[in-house]
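Remarks on the structure that follows.
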Amino acid sequence: MNWIREMALACSLFAAGCSHAASGQSAIAPLHRRGQTTEELVERGRAFAMVGDLTRGEQYLSAALQRGAGPPDVLPLLVHVCVEAGRYRVAAEYLRMYRVEEPQSANAQLLYGSLEAAVGDREVARLEYETLLRSHPDDSTGHYALAVLFRDAMGDPSSSDAHFREYLRLSPHGEHAAEARASLLDAAR
């Protein structure tokens, strides 16, 4: 699940518009009629995604979820396919549905917040990051993501500074330490 954290950070840096999530019922209805097992649907979705047919990959993976496949098994691939296709809003919607089943998943919360930030819903992103940090206060990546959101999207340098400082306290030599230091407000960098 480490790729989820990396994807979440990448998504938080994009400000992209996406199509609204659709239920997809008409697109996947033929898949249901074929009587395929959830395992077959997942494998077909994976195969289509691997050859670059992201739309069909999403349809099969979504059908697998609707037919009862376990979200922990399917959701990471489905979200990855949606992100690769630039369908951040749809990916966020899948994560929102999954979040109901696993509300304390730090990776899912971080990715969901990042996707919401990427599509411009800053308040939802902020609330998601803050919820993540209430349950996982030592999550340095969560502090970093919230600091970037405050700095780049919300114009709140003092809140940004506080979270960059917390990131540096938790990960003084972390992947984003140089950026965090450069973003501090005063000379105590």
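Structure above, values below:
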| read-out | value |
| --- | --- |
| Any hit, the range 73-85, residues being of a type in the set (Gly, Ala, Ser), surrounded by fewer than 22 Cβ atoms within 10 Å (Cβ to Cβ) and within 22 Å of GLY174 (Cβ to Cβ) | no |
| Members of the range 169-189 found to be part of a loop (DSSP other than H, G, I, E, B) and surrounded by 11 or more Cβ atoms within 10 Å (Cβ to Cβ), listed by number | SER171, PRO172, GLY174, GLU175, HIS176, LEU184, LEU185, ARG189 |
| Subset of the range 132-167 [surrounded by fewer than 22 Cβ atoms within 10 Å (Cβ to Cβ), at pLDDT 95 or above and either of a type in the set (S, T, N, Q) or over 20 Å from ALA117 (Cβ atoms) (or both)] | PRO137, ASP138, SER140, SER158, SER159, ARG165 |
| Checking GLY120 against (1) part of a helix (DSSP H, G or I); (2) under 14 Å from the mean Cα position of the chain (by Cα); (3) of a type outside the set (Phe, Trp, Tyr), the condition it does not meet | (1) |
| So GLU166, is it assigned to a helix (DSSP H, G or I), over 27 Å from TYR88 (Cα atoms), under 23 Å from the mean Cα position of the chain (by Cα) and without any contact (Cβ under 8 Å) to a residue 60 or more places away in the chain | yes |
| Matching residues in the range 64-92 - criterion: being within 14 Å of the chain's Cα centre (by Cα) and of a type in the set (Lys, Arg) | ARG87, ARG89 |
| Answer from SER140, SER114 - the residue that is free of Cβ contacts under 8 Å to residues at least 40 places away in the same chain and over 17 Å from LEU185 (Cβ atoms) | SER140 |
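The values are calculated or read from the model by the stated rules, or taken from the named source; none is laboratory data. No experiment lies behind these values; they were computed from the predicted model shown. Here the Cβ is made from the backbone with ideal geometry for all residues, glycine too, and neighbour counts use every protein chain on show.
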